[in-house]
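Everything below concerns the one structure shown next.
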Amino acid sequence: MKHQNIALWALLALSLSTSQAQADSPHVYGWVEKGVVMPSGVTVKLKLDTGALTSSMDARNLTRFERDGKEWVRFSLEMKDVETDKLVKQEIERPVLRRVTVSGAGGSERRPVVHMSLCIGETLYKEEFTLRSRANMVYPVLLGRRLLAELGPVDAGRTFTIQPECL
């Protein structure tokens, strides 16, 4: 009887510690997830790109202008909502935080960086995005390492592990 009680208490302690460890474990994201781009509310596929430092967003018709002595950019979001299959278009203006040089297979280019908000899971993130046309790309939004460091681990063998629920 005494050994049974000890075994029962040990089993109970083990199950509690396992439950606590699971509760403390961060969510493991897939290499593709769904997110909502704000303020347009369009749900898009996000590619979690550990090879990129800064996140990137599809932006069309970029126009630089000055407001109150600061550089701003006006651009169009034209993204297909993966939930409704509708094309969502919205013109947006944002102050330019800085410009970065991005190098790729086609050479290098300078891109503006702006703040945009993005819902992933139950969290609304204010993230820095470089802007460029991604019209010919599969994923309109790439999430770089700066945001991935906040999100948590990425499993390249998984996709769509979480639904956006900020709204």
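Coordinate-derived values only; no laboratory data. Every value quoted in this text rests on a predicted model; they were computed, and no experiment measured them. FYI the Cβ positions are ideal-geometry reconstructions off the backbone, even for glycines, and counts take in every protein chain you see.
Observations on the structure shown:
- CD proxy at 222 nm, helix term only [per DSSP H run n ≥ 4: -39500 (n - 2.57); per residue of the chain; nearest 500]: -6000 deg cm²/dmol
- Among the GluC sites (Glu not before Pro) found in the stretch 81-167, those both in a DSSP coil and sparsely packed, with 15 or fewer other Cβ atoms within 10 Å of their Cβ, are GLU83, GLU122, GLU165.
- Within a straight-line Cα-Cα reach of under 27 Å, LYS89 can be paired with the following lysines, leaving aside sequence neighbours fewer than 8 residues apart in one chain: LYS34, LYS45, LYS47, LYS70, LYS80, LYS126.
- With a cut-off of 14 Å between beta carbons, the residues surrounding THR101 carry a summed charge of +4, where Lys and Arg count +1 and Asp and Glu -1.
- Reach of LYS86 by Cα under 17 Å, taken over aspartates and glutamates that are not fewer than 8 positions away in the same chain: ASP58, GLU78
- Burial ordering of MET38, MET116, fewest other beta-carbon atoms within 10 Å first: MET38, MET116
- Each other residue within a Cβ distance under 10 Å of VAL138 adds +1 if Lys or Arg and -1 if Asp or Glu, for a net charge of +3.
- Other residues lying with their Cβ under 14 Å from the Cβ of ARG110 contribute a combined charge of +3, Lys and Arg counting +1, Asp and Glu -1.
- For P(r) over Cα pairs in 5 Å bins from 0, in percent, calculated from these coordinates, the label among [x] 1, 7, 11, 15, 18, 16, 12, 7, 4, 2, 2, 1, 1, 1, 0, 0; [y] 1, 9, 17, 21, 20, 13, 9, 6, 3, 1, 0; [z] 2, 8, 15, 19, 16, 12, 8, 5, 4, 3, 3, 2, 2, 1, 1, 0, 0: [z]
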